[in-house]
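Input: a single structure, listed below in structure tokens.
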């Protein structure tokens, strides 16, 4: 997959999956703009990118902020002339309590992390893609959006809502050359998840790099006939 000359925004581009996705796009020749909350995370990504870091841009962003998301897209499009792809890899998890034990703060936090960023980022980038005549959007969802396990009601609800949001948007933009799809991971093999579940069989979890390559495919011309899909990337878990 060749992304020479393409401009990609990876929201959450320094996290476990976001970092792998940013690096894969850079390897494929893209100009990558990543959103970050802390400068140190971007410095680590720069170091990992090596010589490719010259095509890497940093944008400080609270992705729940609609005005900030609009400014991000305007800055990237203003500098590079276009935005060919948006990947939303922002999310978070809270669980371990029944619905009646969970407080409202946890519920609001799950919606803020797993639903609102996709909403504000899509609202910001679609007008630009309409003007340029096309683009690709990929949202990182979760298997929990389908399998609603006990003790994770707010998380599952937020991920199910995100799947519905992007599926509906795919229908709205398909006549305009914009493709919208989701990837649906199970537990991803990251350091954070290993620390949280030290007794798990890590060999069954999908690696961030493996999922990242699926994301690149969905953003490529090779996936031109895929629209409104939710691609499972479960590994063997």
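Of note:
- Lone qualifier among 158, 182 - being under 17 Å from the mean Cα position of the chain (by Cα), in a strand (DSSP E or B) and either touching a residue at least 12 places away in the same chain (Cβ under 8 Å) or closer than 22 Å to residue 67 by Cα (or both): 182
- Qualifying residue in the range 116-130 (condition: on the phi > 0 side of the Ramachandran plot and either over 14 Å from the mean Cα position of the chain (by Cα) or without any contact (Cβ under 8 Å) to a residue 60 or more places away in the chain (or both)): no
- Screening residue 153 with (1) within 17 Å of residue 236 (Cβ to Cβ); (2) buried (at least 18 other Cβ atoms within 10 Å of the Cβ) gives one miss only, at (1).
- For the range 201-237, taking the residues that are modelled with pLDDT under 85 and buried (at least 16 other Cβ atoms within 10 Å of the Cβ), the one that is nearest to residue 87 (Cα to Cα) is identified as 235.
- Residue in the range 201-218 that is without any contact (Cβ under 8 Å) to a residue 40 or more places away in the chain, closer than 19 Å to residue 22 by Cα and in a helix (DSSP H, G or I) present: yes
- Flag for residue 173 being modelled with pLDDT of 95 or more, part of a helix (DSSP H, G or I), crowded, with 16+ Cβ neighbours inside 10 Å and in contact with a helix residue (DSSP H, G or I) (Cβ under 7 Å, 6 or more places away or on another chain): yes
- You will find that of 136, 124, 141, the residue that is within 23 Å of residue 23 (Cβ to Cβ), in contact with a helix residue (DSSP H, G or I) (Cβ under 8 Å, 6 or more places away or on another chain), buried (at least 20 other Cβ atoms within 10 Å of the Cβ) and modelled with pLDDT of 95 or more is 136 and no other.
- Residue count, the range 129-164 (criterion: in contact with a strand residue (DSSP E or B) (Cβ under 8 Å, 6 or more places away or on another chain) and farther than 21 Å from residue 211 by Cα): 3
- If you go through the range 76-114 and pick out every residue that is without any contact (Cβ under 8 Å) to a residue 24 or more places away in the chain and either over 20 Å from residue 163 (Cβ atoms) or touching a helix residue (DSSP H, G or I) at 6+ places or on another chain (Cβ under 7 Å) (or both), you end up with 8.
- Members of the range 185-200 found to be in a loop (DSSP other than H, G, I, E, B) and surrounded by 14 or more Cβ atoms within 10 Å (Cβ to Cβ), listed by number: 186, 187, 188, 189, 190, 200
The values are calculated or read from the model by the stated rules, or taken from the named source; none is laboratory data. All figures in this text were calculated on a predicted structure; none of them were measured in a lab. Positions of Cβ are generated from backbone atoms using ideal geometry, with glycine treated the same way; all protein chains shown enter the neighbour counts.
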